[in-house]
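Before we start, here is the structure in question, set down as structure tokens.
We did not get these values from a lab; they are worked out from the coordinates using the rules stated. Predicted model only: the values in this text are computed from it and were never measured. Here the Cβ is made from the backbone with ideal geometry for all residues, glycine too, and neighbour counts use every protein chain on show.
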Amino acid sequence: MMKDLAMHIMDIVQNSISAGATLIQVSINESAKDDTYLLTITDNGKGIPAEMIEKVTDPFVTSRTTRKVGLGLPLLKQHADSTGGSLKLESKEGSGTVVIATFGLTHFDRQPLGDIAGTMVLLAAANLKIRFVYEHTTPDGEYRFDTDEVNEMLEGMSISEASVMRFLKEMINENLKEIKISG
Ligand SMILES: Nc1ncnc2c1ncn2[C@@H]1O[C@H](COP(=O)(O)OP(=O)(O)O)[C@@H](O)[C@H]1O
Ligand SMILES: [Mg+2]
């Protein structure tokens, strides 16, 4: 099954959560001019040791003894490569990791974004102590979702309440429509 981008983001963010991050930022930048679709996931977790960085995008290596092929970074790299893009990792032990995936914006093999609103809301609701930021920029504008700001707006109500989750998902989708994100 081909994954959409939101599913990839869910996978990559799980790595950040496992790495003990308290701040996780997902940024998407669409450039019609350069025909690029840039996805950046930044965390302040424990980082990846230098000697592991090259290995983690190789589907035949893992820190565990078995690996479900198709999970995580190697699959994201394969997807980015297939659209004329690339995957880059920048990490410093003790201070965090940046995963940078570039895709061809109009490339036929770029998977659609999928349900990013539902993904971000689910991540936020399941990890109330982590601050999530989601930014999306297109030629039509920029939208930013920040759980710190959301929590202030909610005045004590929890992001994990079903009605709040529904409301946030709708709010994000409405805002993404305004900036005309690509499918
Ligand atoms: N953001 C991150 N912070 C720290 N370590 C990471 C991060 N992302 C990946 N890693 C390391 O790289 C390994 C490979 O990640 P991944 O490809 O998602 O496969 P998996 O999570 O199934 O092991 C992880 O097990 C972890 O050791
Ligand atoms: Mg993983």
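What would the Debye formula give as log10 I(q)/I(0) at q = 0.10, 0.16, 0.17, 0.18 Å⁻¹ for the alpha-carbon point model of segment 5-178, no solvent?
Debye intensities relative to I(0), on a log10 scale: -0.39, -0.99, -1.11, -1.21.
Given a Förster distance of 30 angstrom, what is the FRET efficiency for residue 152 paired with residue 180, based on the Cβ-Cβ distance and rounded to 0.05?
Values: r = 28 Å, r/R0 = 0.94.
That pair, residue 152 with residue 180, gives E of 0.60.
Find out how many positive minus negative residues lie around residue 133, taking Lys and Arg as positive, Asp and Glu as negative, among other residues whose Cβ is under 10 Å from that of residue 133. Walk me through the numbers on the way to the answer.
Working: positive: 131, 144; negative: 135, 146, 148, 149.
Charge balance near residue 133 sits at -2.
Considering only lysines 8 or more places apart in sequence, or on different chains, count the pairs in the chain whose C-alpha atoms sit under 17 Å apart.
Taking the chain as the scope, the lysine pair count is 13.
Using only helices, what value at 222 nm comes out for the chain when you add -39,500 (n - 2.57) per DSSP H run of length 4 or more and divide by the total residues, to the nearest 500 deg cm²/dmol?
The helix contribution divided over the chain gives -10500 deg cm²/dmol.
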